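What follows is a single structure, written as structure tokens, with notes after it.
Read-outs: derived from the displayed coordinates by stated rules, not from any lab. Source: prediction; values computed, not measured. Quick reminder, even Gly has a Cβ in these numbers, built from the backbone with ideal geometry, and neighbours come from all protein chains shown.
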Amino acid sequence: MKVPQMSPWLGKEEYKAIESCFKENWLTEGPKTKQFNEKLLKLTKARFGVFAPNGTLALYLGLRALDIGPGDEVIVPDFTFYASATSVEMTGAKPVFVDVNRKNFQIDLKNADRLVNKKTKAIMPVHIYGTIADMKSVVRFAKRHKLKIIEDACQAVGVHRDGKHAGTFGEVGCFSFFADKTVSTVEGGYVITNDEKLYQKLLFLRNQGRIDRGSFIHPQIGYNFRITDIHSAIGLVQLRKLPEIKKIKNRILSIYKKQLAKLSEITFFEPDAGVEMIPFRVCILVDKAHELMSFMREKGIESRTFFYPLHRQPYFKYLQKGRKDQDDKYFQNAIYGYEHGICLPIFPTLTDRQILYVCDTIKDFYE
Ligand SMILES: Cc1ncc(COP(=O)(O)O)c(C=O)c1O
């Protein structure tokens, strides 16, 4: 049996939605995008939202709207996808890494005060693997040090903590609609804010430095971050499916948990109390992770490691020069995650037979 790591759930309905764009002859950003925006604002309960071509550029757009640029520093968890930190680099600012906790690999600010200096302008909690970071501690930290909060909620569309949607705790929240994301438009990104001034800045930045199309007077600096109505048409169908996606993915996680409960070698990633999770991956911590992954590969099962700690990425080695708080010693949990973490297959069309096959393979390995 073959079990891929993920498979997008895009089918007939999405295909029909694309067709309707061609029939209506509106393909660039237009009525479908307006509708998609309205639905996303309803879901997140944010006041304003703008689209971007992908999550990386949504983060860049959000950072630029917060006036992050050369000479500034932004605190970013060491354990996240590369783009959280490269979006900071893209503005000319520098990321400064902080470790995560070992329970669910979210940003851990216990020892983070030492990272703040005059250059520190913002903090970027990343809601990793379909849950939400401890935002009370992030907000407290940001207030104490007068920092802006930009949430990387790329993996957390539809996820709530204490009734609040991911991305609505700070100044701006950013999402990705890439093919493996909970809601997908194949490629796509989105930025939300409750601050009208930031919203105005986002509009100028994403639309060539002007509010309306069709004018050649550009009062501010800006670029092209438009999407297309084809992407939005897919997104509208996906949003309709979101309650079902949430139900299916949580059911898959519960089957894995039940099947593997008796294996003392396995610990599941646990969201905090108050989080209504949509599992982005099925994350387990095990001994002999790399051997288990090879064993599963031989049996046709695709798994993934956890993220490689950002401070160890070749490009970010430069951060260790002249600083004493960016080497291995300070990132023990991120390193532990990389060495012991495995992401098991999860996607809406994964069958019970496939899940049981994955679980039996893991049991075989340990037995
Ligand atoms: C946490 C996180 N941030 C940012 C991104 C970047 O999103 P995109 O691939 O849409 O540029 C991703 C995508 O995987 C992500 O997982």
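Could you tell me the calculated FRET efficiency between A261 and F216, based on Cβ-Cβ distance and R0 = 45 angstrom, to the nearest 0.05?
0.10
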Using the crude model of +1 on Lys and Arg Cβ and -1 on Asp and Glu Cβ, and no other charge, please compute the dipole size for region 257-323 relative to its Cα centre, in debye to 20. 320
Along the principal axes of its C-alpha atoms, what lengths does region 1-101 span, in descending order and rounded to whole Å? 49, 45, 25
Considering the convex hull of the alpha carbon atoms of region 242-366, report its projected area averaged over all viewing directions, in nm², one decimal. 9.7
Leading residue at positive end of dipole, region 79-232 (Cβ point charges), from N117, Q208, V100: N117
Each label point is 7 Å from the Cα along the Cα-to-Cβ direction; what then is the distance between the points at S294 and K197, in nm? 5.8
Could you sort the peptides 357-364, 15-22 by per-residue average Cβ neighbour count (10 Å cutoff), highest mean leading? 357-364, 15-22
To the nearest 20 debye, what charge dipole does region 242-366 have about its Cα centre, counting +1 at the Cβ of each Lys and Arg and -1 at the Cβ of each Asp and Glu? 260
Compute the signed sum of charges (Lys and Arg +1, Asp and Glu -1) over the other residues within less than 14 Å, Cβ to Cβ, of S137. 0
Förster radius 22 Å - calculated FRET efficiency between D287 and L356, Cβ distance, rounded to 0.05: 0.45
Run lengths n ≥ 4 of DSSP H only: what is the helix-derived mean residue ellipticity at 222 nm for the chain, with -39500 (n - 2.57) per run over all residues, to the nearest 500? -12000 deg cm²/dmol
Could you order the peptides 56-63, 216-223 from most to least packed, using the average number of other C-beta atoms within 10 Å per residue? 56-63, 216-223
Between Y366 and T349, 0.36 nm times their residue separation minus their Cα-Cα distance comes to what? 3.4 nm
In region 18-89, the trypsin sites (Lys or Arg not before Pro) that sit in a DSSP loop and have at most 15 other Cβ atoms within 10 Å of their own Cβ are K45, R47
For a quick check, take a GNM of the chain with Cα springs below 10 Å and name the residue from N54, N25, N117 with the largest mean-square fluctuation. N25
With 0.36 nm assigned to each residue of separation and the Cα-Cα distance removed, Q332 to E13 gains 110.3 nm
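Net charge near W26: determine it from the other residues with C-beta under 10 Å of the C-beta of W26, scoring Lys and Arg +1 and Asp and Glu -1.
Surrounding charge for W26 is -1.
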Write down the Kirkwood hydrodynamic radius of the chain, to one decimal in angstroms, obtained as one divided by the mean of 1/r over all alpha carbon pairs. 21.3
Cross-link partners of K321 among lysines (Cα-Cα below 18 Å; sequence separation of 8 or more within a chain): K94, K119, K329
Total charge dipole magnitude, the chain, about the Cα centre, Cβ charges on Lys, Arg, Asp, Glu only, Debye to nearest 20: 760
Across K118/K146; K143/K317; K121/K146; K16/K241, pairs whose alpha-carbon gap is larger than 18 Å: K143/K317
